[in-house]
Amino acid sequence: MAGWWRKKSAPEKGVPMTGAPGCLAGSAHGTLPAHIDGPGGRRAVTLAVHDDGVVLTDGDEHRTYVWSEVAHVWHANDMDGKAADGLMITEWLHELLLEFTDGTLVQSLLADPPVVTPEPAFRTGRLSSSPPSVIAPLMQRVNAPVTELHLARAKATLAAGGQVKFGPLTATADGLHHHGKKIPWHTLTSCRYGFVIFHEDEDELGAMLRMEYEVAGGANGFPFAWLRIPALDVPDLDVLVRLADENRT
């Protein structure tokens, strides 16, 4: 059975902090260590998360972005780990990418504290209990308001007869289009984000947009087809999932 073992990027140095100086109304909920890749290489930055936006600190420079100035958001989870003396030591990873309307692209990859699980239990798909993540809620404070804004914008665009791009997928009023194939909204039976650690098929591993839809004369006689796209290839993934939920009924 294949596992999640693969080469991974190193998480950011530092940990999320509560409170931070900022230029937005209200105190910061916390600060995410992050980085920007530029012509001079990678440099460390921070994102202070407020109710109405973020404050990006890049060296001595502080830039304020309200949520409407986030052009796209990507998010995914991953897991890293190693075996040692009959134990599996795992870390749950959280990744967030923000592209702002001025072209700035910021990425944050953070790890929860390690979890130690006996290997026999791990091989059955179980992990030892761990404290709730402090990273996931802070990243969600960014993703949630941006998703609501982008969802309203996408619905207005589709209602006006336009189309909305989600990486390799294009949404229109009557469905999704992927590499020349049309998937009508009403044929969707499932459209969700999901993360898989173990699977016989390595193509199923990792963080994916996972779709199932009805087809006539499907492979091996199944009346359904499946589509898997890496989550980080789909900007505004949660907007797409919401559109699918609202339009397939």
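Starting from the Cα of Ala121, move 7 Å in the Cα-to-Cβ direction to define the label point; list residues of segment 72-89 whose amide nitrogen is under 11 Å from there.
Those under the cut-off are 88.
Determine the gain in length on full extension of the stretch Glu69-Val196; use 0.36 nm per residue of separation and subtract their C-alpha separation, reporting nm with one decimal.
Working: separation 127, 0.36 × 127 = 45.72 nm, distance 3.24 nm.
Full-extension gain reported as 42.5 nm.
Under the Kirkwood approximation for Rh and a Cα-based Rg, what ratio Rg/Rh is obtained for segment 86-160?
Working: Rg = 18.2 Å, Rh = 15.4 Å.
Ratio of gyration radius to Kirkwood radius: 1.18.
What nm value, rounded to one decimal, do you get for the distance between Thr172 and Ala216 when each label is placed 7 Å out toward the C-beta?
It is 1.9 nm.
List the chymotrypsin sites (Phe, Trp or Tyr not before Pro) within segment 66-172 that fall in a DSSP loop (any state other than H, G, I, E or B) and whose Cβ has at most 16 other Cβ atoms within 10 Å. Before the final figure, lay out each step's value.
Working: sites: Trp67, Trp74, Trp92, Phe100, Phe122, Phe166; in loops: none.
Of the chymotrypsin sites (Phe, Trp or Tyr not before Pro), not one in the loops of segment 66-172 has a Cβ with at most 16 other Cβ atoms within 10 Å.
Which ³J(HN,Hα) values in Hz, rounded to whole numbers, follow from the phi angles of segment 134-146 under the Karplus curve 6.51 cos²θ - 1.76 cosθ + 1.60, where θ = phi - 60° and Gly and Pro get x?
With coefficients 6.51, -1.76 and 1.60, one gets 8, 7, 4, x, 5, 5, 5, 5, 8, 5, 5, x, 5 Hz.
For segment 73-95 and segment 100-118, compute the distance between their C-alpha centroids and round to whole Å.
Computed from Cα coordinates, the inter-centre distance equals 12 Å.
Rounded, prolate or oblate, given the Cα gyration tensor of segment 68-125, with a/c below 1.5 counting as rounded?
It is prolate, given that a/c is not under 1.5 and a/b is the larger ratio.
Measuring from the lowest to the highest alpha carbon on each principal axis, how far does segment 94-234 reach, largest first, in angstroms?
Per principal axis, max minus min of the Cα coordinates gives 52, 48, 20 Å.
May I ask for the net charge around His150, where only other residues with Cβ less than 10 Å from the Cβ of His150 are counted and Lys, Arg are +1 while Asp, Glu are -1? Mind dumping the intermediate values first?
On the way: positive: Arg153, Lys155, Arg242; negative: Glu148, Asp236, Asp238.
That sum, taken over residues with Cβ under 10 Å, equals 0.
Every number here is computed from the coordinates shown, using simple stated rules; none is lab data. Here the structure is a predicted model, which is why all the values come from computation and not from measurement. Using ideal geometry, Cβ is built from the backbone for each residue, glycine included, and neighbour counts are taken over all protein chains shown.
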